[in-house]
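Asker: Sharing a structure here in structure tokens format.
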Amino acid sequence: MEPTTYPKDKIILYSYHRSSASWRVRNVLALKGIKYEYSAINLLKDEQKGDEYAKLNPMKRVPAIVIDGELLTESLPIMEYLDETRPEKKVYPADPILRAKVRAVCEICNSGMQPLQNLSVLRKIEKEYNQDQNAFATQFNIDGFKALESMLSKTAGKYCFGDEITAADCVVLPQVYGSSMRFGIKLEEYPTLDKIIKNLLEVQAFKDALPASQIDSPDYKGPQ
């Protein structure tokens, strides 16, 4: 059974260092300076499918977060909850139109790109359909990169929307930077995205949320 009560005096993030969905939430936590306990769930070892974690998240995916005595799942609702309850350094704009545009960029990554590179999907593509999983994931990422490049070329300053960091940046960095490294996609072919990523990687909060900065990463070298 899922616990009926959760601690109210601490925040626990269930995360995997390379998970882009977990990475999004880490970006927001870092930007807002929110301290939390990191609980590593190794996706390569299928720890997310274990009985204990399945009690927390029946979808058996990361992230999940214990916060304010409650358990929340799914990265975008978690991000919105953090912004609504910890309004310092807002990542969702007050203007409704701009907020909708920020959410649209987040959703392109969240539903149009990331699920198609999910480890469980890629394993099925290769094992059951005998197809090249990397070619499959790369093509859908390229389609997404093209869409994001077109959209953000109209709105970008230093970041996705002008010179203020928004939720779009928190989602675009893991998707675009993470996938470019994972699948060998050349960012130089997408100049707006390339500029945004380079600028975001100069921000300390984003550095702190990188996969290599997490305690479950084989590249972890301690706090930077």
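Asker: Dipole of the range 105-206 (Lys/Arg Cβ +1, Asp/Glu Cβ -1, origin at the Cα centre): which of Leu122, Tyr177, Ala156 lies farthest to the positive side?
Answerer: Leu122
Asker: While we're here: Suppose every Lys and Arg Cβ carries +1 and every Asp and Glu Cβ carries -1, with no other charges. What dipole size does the chain come out with about its Cα centre, to the nearest 20 debye?
Answerer: Taking the Cα centre of the chain as origin, the dipole is about 200 debye.
Asker: Taking amide H positions as placed in the peptide plane 1.01 Å from N, state which residues far from Glu164 in sequence (5 or more) or on other chains have amide H under 5 Å from it.
Answerer: Tyr159
Asker: Same structure, new question: Take the alpha-carbon centre of the range 33-98, take the same for the range 167-208, and report the distance between them in whole Å.
Answerer: Comparing the Cα centres of the range 33-98 and the range 167-208, I get a distance of 21 Å.
Asker: So, one more: What lysines sit close enough to Lys55 to cross-link, taking a C-alpha to C-alpha distance under 20 Å and skipping anything fewer than 8 places away on the same chain?
Answerer: In chain and number order, the partners are Lys8, Lys10, Lys45.
Asker: How large is Rg over Rh for the chain, taking Rg from the Cα atoms and Rh as the Kirkwood inverse mean of 1/r across Cα pairs?
Answerer: That ratio equals 0.95.
Asker: Same structure, new question: Note down the net charge around Pro174, summing +1 for each Lys or Arg and -1 for each Asp or Glu among other residues with Cβ under 11 Å from its Cβ.
Answerer: +3
Asker: Here is a follow-up. Strictly over 28 Å apart at the Cα level, which of Lys49/Lys89; Lys89/Lys154; Lys90/Lys195; Lys124/Lys195 would you flag in this model?
Answerer: Beyond 28 Å: Lys49/Lys89; Lys124/Lys195.
Asker: Sticking with this one: What accessible area per residue, rounded to a whole number of Å², is obtained for the chain using a probe radius of 1.4 Å?
Answerer: Each residue of the chain exposes 52 Å² on average to a 1.4 Å probe.
Asker: How large is the accessible surface of Glu52 in square angstrom, using a 1.4 angstrom probe and rounding to the nearest 10?
Answerer: Result for Glu52: roughly 130 Å² accessible.
Asker: By accessible area of protein heavy atoms, probe 1.4 Å, what ranking do Thr138, Thr5, Thr73 get, highest first?
Answerer: The residues order as Thr5, Thr73, Thr138, largest area first.
Asker: Farthest toward the dipole's positive end in the chain, which of Gly222, Pro211, Tyr190, given Cβ charges of +1 (Lys, Arg) and -1 (Asp, Glu) about the Cα centre?
Answerer: Going by the Cα projections, it comes out as Tyr190.
Asker: Might you report the magnitude of the Cβ-based charge dipole of the range 114-224 about its Cα centre, with Lys and Arg at +1 and Asp and Glu at -1, to the nearest 20 debye?
Answerer: Its charge dipole is roughly 100 debye.
The values are calculated or read from the model by the stated rules, or taken from the named source; none is laboratory data. As the structure is a computational prediction, the values presented were derived from the model and not from experiment. No Cβ is skipped: glycine too gets one built from the backbone with ideal geometry, and neighbour counts run over all protein chains shown. Surface accessibility is based on the protein's heavy atoms, side chains included, excluding ligands, DNA and RNA. Shrake-Rupley method; radii C 1.70, N 1.55, O 1.52, S 1.80 Å.
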